[in-house]
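As structure tokens, the structure follows; a few thoughts come after it.
Bear in mind that the values in this text are calculations on the coordinates, not laboratory data. These figures come from a predicted structure and were not determined experimentally. Positions of Cβ are generated from backbone atoms using ideal geometry, with glycine treated the same way; all protein chains shown enter the neighbour counts.
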Amino acid sequence: MPNAQEASCVFCKIVSGEIQSKKLLDSENCIAISDLNPQAPTHLLVIPKDHYSDITQCQKSNLLGELFSQASALALKHSLNKGFRLVVNTGNEGGQTVHHLHIHVLGGRFMGWPPG
């Protein structure tokens, strides 16, 4: 049974199917969807199926490796051959708005520096 945080988490609801979303990827450990508020021409999210509030809560290096591997494979699948950015926001000051670990895959335009 999910705890209160997981029960109200939009990404947990997408993973469970309670909220319908077109999944670009559905593996044993993660899913990928398009971001509803894109910040680049291509803006995808890679989300673990298990709930971790942020990257500091996930100590499973094999899961983190899979998330990043899937993110880079999705970038290439979406023709981001000229380059892309992977972003993991952590905490309120880090810009995290959904407190469920996820990786943003951003591309399709030049990414300036510094970000933020």
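State which residue is surrounded by the most Cβ atoms within 10 Å (Cβ to Cβ) when the search covers only region 63-116 and only residues that are under 14 Å from H43 (Cβ atoms) and among the charged types (D, E, K, R).
Filtering first and then ranking leaves R85.
Given (1) surrounded by 18 or more Cβ atoms within 10 Å (Cβ to Cβ); (2) out of contact with any Lys or Arg (no Cβ under 7 Å at 6 or more places or on another chain), identify the lone condition not met by C30.
For C30, the failing item is (2).
Of all residues in region 40-66, how many are touching a residue at least 12 places away in the same chain (Cβ under 8 Å) and under 19 Å from G91 (Cα atoms)?
Matching residues across region 40-66 total 13.
Checking the conditions here, which among C30, C58, C12 is out of contact with any Phe, Trp or Tyr (no Cβ under 6 Å at 6 or more places or on another chain) and within 16 Å of H99 (Cβ to Cβ)?
Result: C12 is the single residue among C30, C58, C12 that is out of contact with any Phe, Trp or Tyr (no Cβ under 6 Å at 6 or more places or on another chain) and within 16 Å of H99 (Cβ to Cβ).
If you scan region 65-93, which residues turn out to be farther than 21 Å from Y52 by Cβ and either in contact with a Phe, Trp or Tyr (Cβ under 7 Å, 6 or more places away or on another chain) or polar (S, T, N, Q) (or both)?
A75, S79, N81
Of all residues in region 97-109 being touching a Phe, Trp or Tyr at 6+ places or on another chain (Cβ under 9 Å) and assigned to a strand (DSSP E or B), which is farthest from I31 (Cα to Cα)?
G107
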